[in-house]
Structures are given as structure tokens and as C-alpha cells.
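First comes the structure, then the notes that go with it.
The values are calculated or read from the model by the stated rules, or taken from the named source; none is laboratory data. This one's a predicted model, so the numbers in the text were calculated from it and none came from an experiment. Note that each Cβ is placed from the backbone with ideal geometry, even for glycine, and that neighbours are counted across all protein chains shown. Note: accessible area is taken over every heavy atom of the protein model, side chains too, but ligands, DNA and RNA are not part of it. Shrake-Rupley method; radii C 1.70, N 1.55, O 1.52, S 1.80 Å.
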Amino acid sequence: MTGSLDIRGAALLATPLGSTARRGRAQGEIFRLSEPAVRAEDGVLVFVGTETDYRREYAGHPADFTLDASGRTLLPGFVDAHTHPVWVGDRGVEIGRRLAGESYASIAASGGGILATVHATRAASDDELSGAVHRRLRAMLEHGSTTIEAKSGYGLTAEDEIRALRLLRELDGPEVPRVVPTLLAAHEIPPEYRDRRAEWVRLVAEEIVPLVAREGLARYCDVFCEEGVFTVAESRTILEAARRAGLGLRVHADELARSGGTLLAAELEAASADHLLFAGDAEIAALARSGTVAVILPGTAWWMRSRRAPARSMVESGVPVAVASDANPGTCYTESLAAVAVHACLDSGLTVEETLTGMTLNGAASLGLADRVGSLETGKSADVVVLDAPDDRHLVYHWGVDLVSAVVRSGNLVSSKSKVQSPK
Ligand SMILES: [Zn+2]
């Protein structure tokens, strides 16, 4: 489908405004418009206004296709700035063991945990892996995410990391979210390098990063900077190599302990620092100075029954906060960013408005895309979520069900439940 698309009949449109990250009080400012109408032409929003103004402007010029959003709410397509979708395998059994009180270390020692996913992913055929990732990306789109950041990191060999990134490039297209690929070869020390970790750090920094950058396979490089994973010094080596190669930087920081990752991200002016459960005043001040987006992952903190990121302090200190899913097979297995939004509010203390900005415009800003996606404004990509609710606050209020009834990506209706197209 190309050409023009109208969305008519909605009760409300709710969106942050602008083409940069919103911080401080501005993160909570959502523009709401009753009885809105929207028109997209060739994938771009050309009209966002009231039904009355729409009729004046387009009298006698119907669009090629009209989406009836009767009584519903229009939101910007969600921007999920932190996902791990490239894997196969099934770790469902681990939930029972966790609930019985077994530690992650114990599960990992008996063959579970991240290395179970690494082994299964390495062993998968290209078709098997591609099929699994495609289904996952499709589910993300159907749950409202029109743009996602997607990490490698379950290959942990040069070949397998590059395979993951190539696969993401091959899958990118109109029927899945727009994909921003990130190299995460420093997700974990591979089992083969346990006794010679410096060699893996060197391989990542000196061979994998330059190769990935040269082939244009990733836009960002990420490191799991954490006690027991990659030290600050090792993370710095890899991130500085990535910066020299022209990649943007993201950091898994201070999730398990206060281990220096956030300060490193701020010092290197990374695009994002993610998790941040143990970030304290010094870390928050450093983020506020650097402009690095704090990507909080409230679904993971809740699921891990860990502490929560200090999201309120971040907002009040002027740190732009994004809310992302961390979709992954170990600690947060969901393709629904809307599900995580509930935890951002009720568990991490953000308002609905701050959360909506976090899962749209601020996510986009952390990916360098805030001038193209993340809000409903003319000139931006026509990425729209139709929420089966009279108000955006239902995103959190009416929880545990999927309220996303239609998704428009680049001006194309890419997902809909039949109820959307038939007027009430
Ligand atoms: Zn992650």
C-alpha cells in the first residue's frame, strides 16, 4: 500500500512534541487533541489536526485509504530503544526454578542462563534463526513498536555476531518494525574465552568492531559493563574502538551493582546508558551533564525482583529518560512495550505522560531518530498506534490486555484487529 492514508473518527490524539529528547518537566508534557484527524502521504504525516480543519483542508480530496478509529486514541508508534531479539531456544523451565528460590548463578552453572541461549542460537540454522526473529519482530510491531533497537549478543563468536546483524538487516522491511542494529559482542565472555578474557576484548575491539562498522552492519556498539561481566577498563577499550570506527555507543550500566558503567557512558557521551538500577546522585548528575539518554527497563527490574532505577530523580534532575522493553529470553520475555509501561508508572514512579514520552520521542532521541519518528507531527514518518481506549491514560489504567488495535508504519496499515476497520 502506498499513496495516502487518513485516520478519522478518533476520540483523542496524544503525543509529545519536538525533534529532540524531552527532559525535566518537559518530559511530562503531552499534547492532547480531541476529535483529531491525520493524513499520511507517501509514508509521511502531512496533516495532524482537528476533524473540522481536516474537512476544510481536504474537502473533495479523499485519501486512497481511510482507517476508521472510532472512539479510540492515536499515539505515536512506540520506539523500543533496547531489545535482544536474535535467539532461539526455550528457557521456560527457568521460571519455576527461580520461583523455587534457585539463584541465577546456580541455574547458569547447571547449563541454563545466557549460555544456554548462546549454545542454542549458535546451533540453529539460518532459516530457523531467521524464522524465530521474524516472528518476534512481527509481535513487537503488532504490540505497537514501529521502531526498535535490536542487539546481537547471543552468538559470541565473530561469525555468529555478524550472522545476527546480517539477519536483522535482511529482515528489516515494511512488515516489521524499523530496526536500528547494535553490536553487542560484549554481552558476556564466551565460554571458550573464560580463561583468556583479554583475548576476547581484543578480538571485539580490534577485529569485530571495525569489520561491523566497515560493512555498515550496526549503528551502535553496546557493552555489558558490570561486575563479573566486563570491567570499566575492558568496556572503555571496546567503546573507544567503536567510537573510532564511527559507531554510536550504548552501555548496559549499573544493573547488578554500582560498577562505573553509567559514569563511563556519560564520560564517552554515549547515546544511552541502560538499566541504571544502582545509579546514584553522581551518576544522575553525570548523565544530566552529558545529555546521554537514560534508558530504563522496568519490566526487567520487576521480573528480577531487583531494585528499581531512580527514574523520578532522573527526570527531576533533567536527565532525558526513555522506557524500553529489554525483550530477552532470560530476564524479560515480552514483545510488548505497553506491558512494560505499566511498570514504568506503578513500579518506577513515572507519570503516564513521562512514560509515553519515554517510549516514543525519548527512545527515538537515544537512537538519533527524533527528527523522523517518536511524535505525531507533520513531516515525521507516519507511524501511528491506534489504542482501543478513549484516552492515552488507559495505557496504564487498563492493564494486562493488549489495547493496540491497529498499527500504521510509514503510512501503511501493517497490523489491525478487525474491530478497528468496522465503525461502532
Ligand atoms: Zn539488555
Discussion item. With only alpha-carbon atoms in the gyration tensor, what are the semi-axes of the equivalent ellipsoid for region 343-424, in Å, largest first?
Written reply: 22, 20, 9
Discussion item. Taking amide H atoms as placed 1.01 Å from N in the peptide plane, list the residues 5 or more away in sequence, or in a different chain, whose amide H sits under 5 Å from that of T66.
Written reply: D6
Item to complete: Please report Rg over Rh for region 66-175, where both radii come from the alpha carbon positions and Rh follows the Kirkwood definition.
Response: 1.07
Item to complete: In nm, give the distance between the simple-model label positions of R135 and S34, each being 7 Å from the Cα along the Cα-to-Cβ direction.
Response: 4.5
Discussion item. Give me the three principal axis extents of region 194-267 from the C-alpha atoms, as integers in angstrom, largest value leading.
Written reply: 35, 30, 16
Practice prompt. Go through region 48-57 residue by residue and turn each phi into a ³J(HN,Hα) via Karplus (6.51, -1.76, 1.60, θ = phi - 60°); whole Hz please, and just put x for glycine and proline.
Written response: 9, x, 7, 4, 4, 5, 4, 4, 5, 6
Worksheet item: Which of these, T52, T237, T117, has the largest mean-square fluctuation under a Gaussian network model of the chain (Cα springs below 10 Å)?
Response: T52
Worksheet item: Just from the alpha-carbon atoms, what are the Rg and Dmax of region 126-256 in angstroms?
Response: 14.7, 44
Fill in: Along each principal axis, Cα extent of the chain, largest first, Å
72, 47, 46
Practice prompt. Enter the per residue convex hull volume of region 137-196, computed from alpha-carbon coordinates, in Å³ rounded to the nearest integer.
Written response: 73
Worksheet item: Would you list E234, E159, E226 from the most to the least accessible area, probe 1.4 Å?
Response: E159, E234, E226
Discussion item. Through the Karplus equation 6.51 cos²θ - 1.76 cosθ + 1.60, θ set to phi - 60°, convert the phi angles of region 220-234 into ³J(HN,Hα) values in whole Hz; use x for Gly and Pro.
Written reply: 10, 10, 10, 9, 8, 8, 7, 4, x, 10, 10, 6, 4, 5, 5
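I'm a student and want to see the number: the projected area of the Cα convex hull of region 290-407, averaged over all directions, in nm². It would help to have the intermediate numbers written out before the result.
Values: hull surface 31.2 nm².
With every direction weighted equally, the projected area is 7.8 nm².
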Worksheet, complete the sentence: Of all C-alpha pairs within region 166-229, those more than 13 angstrom apart amount in percent to 68
Practice prompt. Rank S145, P36, A218 by how far each Cα sits towards the positive end of the charge dipole of the chain (+1 on Lys, Arg Cβ; -1 on Asp, Glu Cβ) and give me just the farthest.
Written response: P36
Item to complete: At q = 0.13, 0.14, 0.22, 0.30 Å⁻¹, what is the base-10 log of I(q)/I(0) for region 343-391 according to the Debye formula with one equal point scatterer per Cα and no solvent? Please give it to two decimals.
Response: -0.36, -0.41, -0.87, -1.08
Worksheet item: So, with +1 on the Cβ of K and R and -1 on the Cβ of D and E, and no other charges, what is the size of the charge dipole of the chain about its Cα centre, to the nearest 20 debye?
Response: 420
Response to the item:
Phi-derived 3J(HN,Hα) across region 91-97 with the Karplus relation (6.51, -1.76, 1.60, θ = phi - 60°), rounded Hz, x for Gly and Pro, is 10, x, 5, 5, 5, x, 5
Worksheet item: Based on the Cα gyration tensor of region 257-350, what are the three equivalent ellipsoid semi-axes, each the root of five times an eigenvalue, rounded to whole Å and given largest first?
Response: 21, 13, 12
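Measure off, as a whole percent, the carbon and sulfur share of the 1.4 Å-probe accessible area of region 1-91, all protein chains present.
Carbon and sulfur: 48 percent of the exposed surface of region 1-91.
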Item to complete: Grab the alpha carbons of region 191-325, take their convex hull, and tell me the volume per residue in Å³.
Response: 108
Fill in: Cα centroid separation, region 326-404 to region 131-175 (Å)
19
Practice prompt. Give, in whole angstrom and from largest to smallest, the semi-axes √(5λ) of the equivalent ellipsoid of region 211-254, with λ running over the eigenvalues of the Cα gyration tensor.
Written response: 20, 10, 8
Worksheet item: With each run of n ≥ 4 DSSP H residues scored as -39500 (n - 2.57), what mean residue ellipticity at 222 nm is computed for the chain after dividing by its residue count and rounding to the nearest 500 deg cm²/dmol?
Response: -9500 deg cm²/dmol
Worksheet, complete the sentence: In the chain the DSSP beta bridges are antiparallel at a rate, in percent to nearest 5, of 45
Worksheet, complete the sentence: Taking max minus min of the Cα coordinates of region 1-86 on each principal axis, largest first, gives extents in Å of 43, 36, 24
